[in-house]
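Read-outs: derived from the displayed coordinates by stated rules, not from any lab. No experiment lies behind these values; they were computed from the predicted model shown. Cβ atoms come from the backbone with ideal geometry, glycine included; neighbour counts cover every protein chain shown.
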């Protein structure tokens, strides 16, 4: 199952104008069509998508690694991405997408 609407970090991408119009340069788009992942700057994308071949950090057996814990503490939106990732770990992608499809931004209510 490929879930391109969710960033490796837990951001919900489907609400982003660049994602919708096809100009997104985010986590997963374009690599199947020749985009060079070796040029990626985002360490989360490199670790999750390139190195481990995972959809999101929610799938990682090492989910609570030091790097992701520090990244989730960088500010409010990062903490919300953490909640999304933890929701996916517990409830799965299908339930997450049902909730996220109602959002207007990259994060929202999960209860």
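Based on the Kirkwood approach, the hydrodynamic radius assigned to segment 58-111 is 11.7 Å, with every pair of different Cα atoms included. With contacts taken as Cα pairs under 8 Å at a separation of at least 6 residues, the chain carries a relative contact order of 32 percent. Going by the alpha-carbon gyration tensor, a ≥ b ≥ c the square roots of its eigenvalues, is segment 13-100 rounded (a/c under 1.5) or, if a/c is not under 1.5, prolate (a/b greater than b/c) versus oblate? Verdict is oblate for segment 13-100. Comparing mean-square fluctuations of 11, 100, 40 from a GNM of the chain with C-alpha springs under 10 Å, the top value falls on 40. Build a GNM of the chain with springs between Cα atoms under 10 Å: which of 85, 15, 56 gets the top mean-square fluctuation? Of the options given, 15 has the highest mean-square fluctuation. Cβ-Cβ distance of residue 66 and residue 86, R₀ of 22 Å, FRET efficiency by 1/(1 + (r/R0)^6): the value works out to about 0.85. At full extension, residue 23 and residue 4 could sit 5.5 nm farther apart than now, given 0.36 nm per residue minus the alpha carbon distance. Packing around the peptides 30-38, 42-50, taken as the average count of other Cβ atoms within 10 Å per residue, puts them in this order, highest first: 42-50, 30-38.
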